[in-house]
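Peer 1: For reference, the structure I am asking about is given below.
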Amino acid sequence: MTESIFDNHGRIINYARIAVTDRCNLRCFYCMPEEGIQYMPKKELLQFEELERLTKILTELGISKLRITGGEPFVRKDIMKFIESIHTLPHLKEIHITTNGTHTADIIPELKRLGIKSVNLSLDTLDAARFFEITRRDLFSTVYNTLEALIHHGIPTKINAVVMANKNIDDLIPLCELTKNTPVSVRFIEEMPFNGTGSHYEHLQWNHINILNYIKERFPTLSKLEDPRYSTSSNYKIPGYKGDIGIIAAYSRTFCGTCNRIRITPQGTLKTCLYDHGVFNLRDLMRNDATDDQIKGALKQSFSHRAKDGWEAEKNRETFFPATESMSTIGG
Ligand code: SAM
Ligand code: SF4
């Protein structure tokens, strides 16, 4: 048994999200500009051994749930080797993956063998033309095949759909309808400012309240489900449907009070809040010969200075205020 670790607001920290690369083969307009972002030189990214060591340290500190994200995790060549190497760590109970589904279908049996607990698949529309408009790549059928293969192999699957004014509002109802015969959780995410361009609405029109009202108008019998502990989504079900629906107030930040997660960026920066600008760099500590105990000490120290919520974290940013970086350098 490892001890549980808490932050200065009494919140348990037991979930880490590691973005294993900043590279991606799509150009979702809410995440990256069309020309892409300036990728970090490969030597600045966490190397395989560093990822492995860091994961072990985190689990020894009380992290029992890990999400592998990116950029697109499956464009990183050694990603399966990494999952293979960590999946039996004694304190690691759950590994989850967030992917765009373009390089995923063929390795699903392998993910199943490695005991991947769930996959979050990004899919903002069920319309191929709109998929192209949003991601700037013509890969809708590839991603849809991945969805079908995940379901076929019985891997619990959530669809992440970012809700975007003037882009995919017409897709909200078809995505809800998908839950009729498919045992999938469709989660609508408020659009956040992390698009790598610095541009954002002054006022977020499609916030969690408006999303819910819009869905309720079409499905008046929508019923509220009990939300799992630490859930960032408010969860609902259309009676008789196989799947369910979640709404994530990612911009409104209504769930910070139970936030149990930390993030590690591709270059090893620790973020104790999605909206902070990074607390310190774990890669540098490792490359400067810090011992495991020293790294654990630095992590504990940062947990004792955590912002109370995403508004405070954003306000405390010394540079790059407000938050504007690309989500592919954070991991979502
Ligand atoms: N490439 C993978 C994918 O797309 O699933 C993993 C990384 S992606 C950055 C993780 C999640 O962040 C995706 O579900 C994506 O939809 C979401 N995301 C990216 N930019 C966002 C934004 N500006 N607002 C809200 N969610 C965003
Ligand atoms: Fe790539 Fe994911 Fe960002 Fe889309 S959301 S550009 S798939 S990292």
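The values are calculated or read from the model by the stated rules, or taken from the named source; none is laboratory data. Computed from a predicted structure; not experimentally measured. Neighbour counts run over all protein chains shown; Cβ positions are idealised from the backbone, glycine included. The area values use the complete protein model at the heavy-atom level, side chains included, leaving out ligands, DNA and RNA. Shrake-Rupley method; radii C 1.70, N 1.55, O 1.52, S 1.80 Å.
Peer 1: For residues that are charged (D, E, K, R) and near ligand 2 (Cβ under 10 Å from one of its atoms), scanning just region 110-137, find the one that is farthest from M32 (Cα to Cα). Working first, answer last.
Peer 2: Quick first cut of region 110-137, residues charged (D, E, K, R) only: 110, 112-113, 117, 124, 127, 130, 133, 136-137.
With the extra rule that they be near ligand 2 (Cβ under 10 Å from one of its atoms), the set shrinks to 124, 136-137.
Working: D124: 15, R136: 10, R137: 13 Å.
Only one residue tops the list, namely D124.
Peer 1: Mind checking which residues of region 293-332 are within 16 Å of ligand 2 (Cβ to nearest atom) and either at pLDDT 95 or above or hydrophobic (A, V, I, L, M, F, W, C) (or both)?
Peer 2: Taking region 293-332 as the starting set, the residues that turn out to be within 16 Å of ligand 2 (Cβ to nearest atom) are 323-332.
Once the filter is applied, which keeps residues that are within 16 Å of ligand 2 (Cβ to nearest atom) and either at pLDDT 95 or above or hydrophobic (A, V, I, L, M, F, W, C) (or both), region 293-332 yields A323, M327, I330.
Peer 1: I would also like to ask the following. Considering every residue within region 26-33, establish whether at least one is open to solvent by 30 Å² or more (accessible area, probe 1.4 Å), at pLDDT below 95, among the aliphatic types (A, V, I, L, M) and over 15 Å from the mean Cα position of the chain (by Cα).
Peer 2: No, that holds for no residue.
Peer 1: Keeping to region 10-36, report how many residues are more than 10 Å from ligand 1 (Cβ to nearest atom) and not in a loop (DSSP other than H, G, I, E, B).
Peer 2: 4
Peer 1: Please determine whether any residue of region 63-79 is polar (S, T, N, Q), surrounded by 22 or more Cβ atoms within 10 Å (Cβ to Cβ), touching a helix residue (DSSP H, G or I) at 6+ places or on another chain (Cβ under 8 Å) and touching a residue at least 12 places away in the same chain (Cβ under 8 Å). Walk me through it before giving the result.
Peer 2: So in region 63-79, the residues polar (S, T, N, Q) come out as 64, 69.
From what's left, surrounded by 22 or more Cβ atoms within 10 Å (Cβ to Cβ): 69.
Adding the requirement that they be touching a helix residue (DSSP H, G or I) at 6+ places or on another chain (Cβ under 8 Å) leaves none.
No: zero hits.
Peer 1: Something else: Just to be sure before I move on: is L150 open to solvent by less than 50 Å² (accessible area, probe 1.4 Å), away from ligand 1 (no atom under 14 Å from the Cβ) and farther than 20 Å from R23 by Cα in the structure I sent? Even if it seems obvious, please write down each step before you answer.
Peer 2: Details: open to solvent by less than 50 Å² (accessible area, probe 1.4 Å): yes; away from ligand 1 (no atom under 14 Å from the Cβ): no; farther than 20 Å from R23 by Cα: yes.
Here the answer is no, as L150 does not meet what is asked.
Peer 1: Let me confirm something: among T142, T179, T146, which residue is away from ligand 2 (no atom under 16 Å from the Cβ), in contact with a Gly (Cβ under 8 Å, 6 or more places away or on another chain) and over 20 Å from T329 (Cα atoms)? Walk me through how you get there before you give the answer.
Peer 2: On the way: T142 fails: away from ligand 2 (no atom under 16 Å from the Cβ); T146 fails: away from ligand 2 (no atom under 16 Å from the Cβ).
Result of the check over T142, T179, T146: T179.
Peer 1: Report, ordered by the first and then the second residue, all pairs with beta carbons closer than 6 Å, sequence separation of six or more or different chains, a first member in region 240-251 that is more than 17 Å from Y230 (Cβ to Cβ), and a second member that is assigned to a loop (DSSP other than H, G, I, E, B) and within 16 Å of ligand 2 (Cβ to nearest atom).
Peer 2: Listed by first residue and then by second, the contacts come to Y251/M192.
Peer 1: Filter region 37-60 for residues that are assigned to a loop (DSSP other than H, G, I, E, B) and over 30 Å from V163 (Cα atoms) and give the result. Step through it out loud before you land on a result.
Peer 2: Start the filter on region 37-60 by keeping residues that are assigned to a loop (DSSP other than H, G, I, E, B), which leaves 37-41, 45-47.
Selection gives P41, L45, L46, Q47.
Peer 1: So, one more: Restricted to region 69-102, and to residues that are hydrophobic (A, V, I, L, M, F, W, C) and assigned to a helix (DSSP H, G or I), which residue is farthest from ligand 2 (Cβ to nearest atom)?
Peer 2: I86
Peer 1: Would you check which residues across region 89-106 are among the polar types (S, T, N, Q) and surrounded by fewer than 18 Cβ atoms within 10 Å (Cβ to Cβ) and list them?
Peer 2: Of the residues in region 89-106, the ones among the polar types (S, T, N, Q) are 98-100, 102, 104.
None - no residue of region 89-106 is among the polar types (S, T, N, Q) and surrounded by fewer than 18 Cβ atoms within 10 Å (Cβ to Cβ), so the list stays empty.
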